[in-house]
1. Once you list every other residue whose beta carbon is under 15 Å from the beta carbon of Phe163, what net charge do they have if Lys and Arg are +1 and Asp and Glu are -1?
2. What shape does region 5-93 take by its C-alpha gyration tensor, where a ≥ b ≥ c are the square roots of the eigenvalues and a/c under 1.5 counts as rounded, a/b above b/c as prolate, and the rest as oblate?
3. Take Thr553, Thr58 and order them by how many other Cβ atoms sit within 10 Å, fewest up front.
4. First measure r as the distance between the Cβ atoms of Ser46 and Thr154, then evaluate 1/(1 + (r/R0)^6) with R0 = 51 Å and state the FRET efficiency to the nearest 0.05.
5. Loop-only check: which trypsin sites (Lys or Arg not before Pro) in region 146-231 are DSSP coil with at most 13 other Cβ within 10 angstrom?
6. Please list, in order, the residues from region 9-24 whose amide nitrogen is less than 18 Å from a point placed 7 Å along the Cα→Cβ vector of Arg330.
7. Work from the charge dipole of the chain (Cβ charges, +1 for Lys and Arg, -1 for Asp and Glu, about the Cα centre) and give the residue of Val271, Leu580, Pro153 farthest towards its positive end.
8. Find how much the distance from Leu499 to His122 grows on full extension, using 0.36 nm per residue of separation minus their present alpha carbon separation; answer in nm with one decimal.
Amino acid sequence: MNPRLPYLQRKTAVLTTSPGVYIMKNAQEKIIYIGKAKNLRNRVTSYFRDHPDHTPKTAKMVSQVYDYDFIVTASEYEALVLECSLIKQHKPPYNILLKDDKGYHYIRISPPPYSRITAELHTDAEGTYLGPYMSGFTVRQTVSTVNRMFRLPTCNRQFPESFRKQRPCLNYHIGQCMGVCKGQIPEAQYAEAVADAVRFIKSGGDHTVTALEQRMTAAADRLDFEEAARLRDRIAAIRAAGEKQDIMDAVTADTDVIGLAESNDMTVISVLIYRGGRLYDQNSFFLTGEALSGQPLDEFLPQYYSAKSGRDLPKTILLERMPEEAELLRGLLSERAGHSVSLEQPVRGARHRLVLKAKQNAGEKLSLKAGRTSRELLALEELAHALGLEKPPLRIESYDISNLSSASMVAGMVVFENGRPLKNAYRRFAIRELDQQNDYASMQEVIRRRFQEYLKAQQEPESTAKALNEFGVLPDLILLDGGQTHVAAIAPVLAEFGLEIPLFGMVKDQKHRTRAIAASGGEIAVREKQAAFALLTRIQDEVHRFAITYMKTKHRQSSYALTLTQIPGIGEKKAQKLLLTYKTRAQLRAATPEQLAKTAGVNAETAEKLYALIQELPEQ
């Protein structure tokens, strides 16, 4: 609770309703957050209510506000421009901080003979360097393209020392290397290929093709058909590479494509930059600040483009989701660029595939930071979008009931964390309160017992680590093996505990495969979201396997206990006590009559009969 709240409320009560920018400061007069508003009073009041519905990050920021300042603007558009400028100047900790992942990069041509073309971060080694370039992505792509196009070696062999010492590698056999290792390529011919590659890097494909065509004609005129054929193949390779790129020219003439990947504690935004119909550059940004917005793109876009000069702004920006203030941003960018800038959210076709590519780039960057595969991150993100969750569910608990008879009613709980099974958190439940099979009542009992243990763990902060690991953590999502009726039966149980945990059912088809997700208001189709669908199928298969395995184990134990009750004086309770004391049949067979008598509480004669029966039973 902020002790300055009464003062801040009084100050805000007389604040103007005009548009403008508000500037939150802490007790040291340091700016900690900057925001804009169409109505300053309404927006700032939302921070200082007595019972606000803040996210944890917003609540943390509000707790540090000592005072605030504001600047009235003529319009919301002007407020947007001013907000961007102020954030760039002051870099408040609660606004998004952008960390670029790039440094300087170079293309190196090593000294002759038999020079190599490589991508480098430094210029320490001997050779000729092209650059510096800002984009490592562009450098790596260029080096890979020219080496393949001009059939230059990329192996670790040293020439001419390695001539004829080893067989040519796979690249030679698939036509991507001229086979220098065979020792049959003259040094002058190789140097000419390197020079053509460097010319291609410096001047582009058109100039290189023109020069090669002139040399090819000259070679044919002097009847050097072998040289003419080699130049013809090189021209064909350059043109083929250009044709593959031309497919996207109409889509990517002057376009930025922006994709986003999120985890619970990190967001990565990837910007693919297309200029002149070609992928020109790529930027990835890690959102390291404690952003208050639930939509990171809304904060990212104005800050990113306000740092660009007008000539660097594209004509089209492709997004996976339109920002709330798309028209304001479109007007701002168009004015700065001196031409119309359109914001688009494609849902199909080539443009949509470009957005998916940007998302994939962001996912790969995030996976390196989060220690998960991009597929796992995408699955959680898709699942969150499909179910309407604010964040990808970091911890998922799933429950299934399994029974073969009223004596073998059990449930299984499996946990997936970061999209992977967390097997040490799996738990088994034997149904205690029911005499007859009832899946709904059984599920209610299991969920109630699980969250009773949670409350117990919260009330005992000094409880053992084992108890905390079992039930002391709340899930971000609960999935039941069942449909809408299961969800309707369990929702009141969560309400008893005052818990607002997203709850859904996993609906199966006739072949026991995941068909849809059941919510309280109907079913949600997930088959079109491939990564999320695969994750849900895996969760459903795993919880079913875990529950049915426990049921079979318990059923065998019940059957074995029933066999022991054939001995007069051994009832169901005494049989269960023996099975609890001797966990396996091997341990039970190894017990002496005296040990059996003491455990079951029977006389020596009954213990001898019991011992004889146990020895006659099969080991499994």
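Since every read-out is calculated from the coordinates, none of them should be taken as a lab result. Not measured: the values here are computed from a predicted model. As a convention, Cβ positions derive from the backbone with ideal geometry for all residues, glycine included, and neighbour counts pool all protein chains shown.
1. Values: positive: Arg157, Arg164, Lys165, Arg167, Lys182; negative: Glu161, Glu187.
Once all neighbours under 15 Å are counted, the net charge is +3.
2. Values: a/c = 1.71, a/b = 1.20, b/c = 1.42.
Oblate, because a/c is 1.5 or more while a/b does not exceed b/c.
3. Details: Thr553 13, Thr58 19.
With the sparsest Cβ surroundings first, the list reads Thr553, Thr58.
4. Details: r = 58 Å, r/R0 = 1.14.
Efficiency for this residue pair is about 0.30.
5. Details: sites: Arg148, Arg151, Arg157, Arg164, Lys165, Lys182, Arg199, Lys202, Arg215, Arg222, Arg230; in loops: Arg151, Arg157, Arg164, Lys165, Arg222.
Answer in residue order: Arg164, Lys165, Arg222.
6. Of the residues in region 9-24, none has backbone N under 18 Å from the label point off Arg330.
7. My answer, from the dipole projection, is Leu580.
8. Numbers: separation 377, 0.36 × 377 = 135.72 nm, distance 5.53 nm.
Additional length available on full extension: 130.2 nm.
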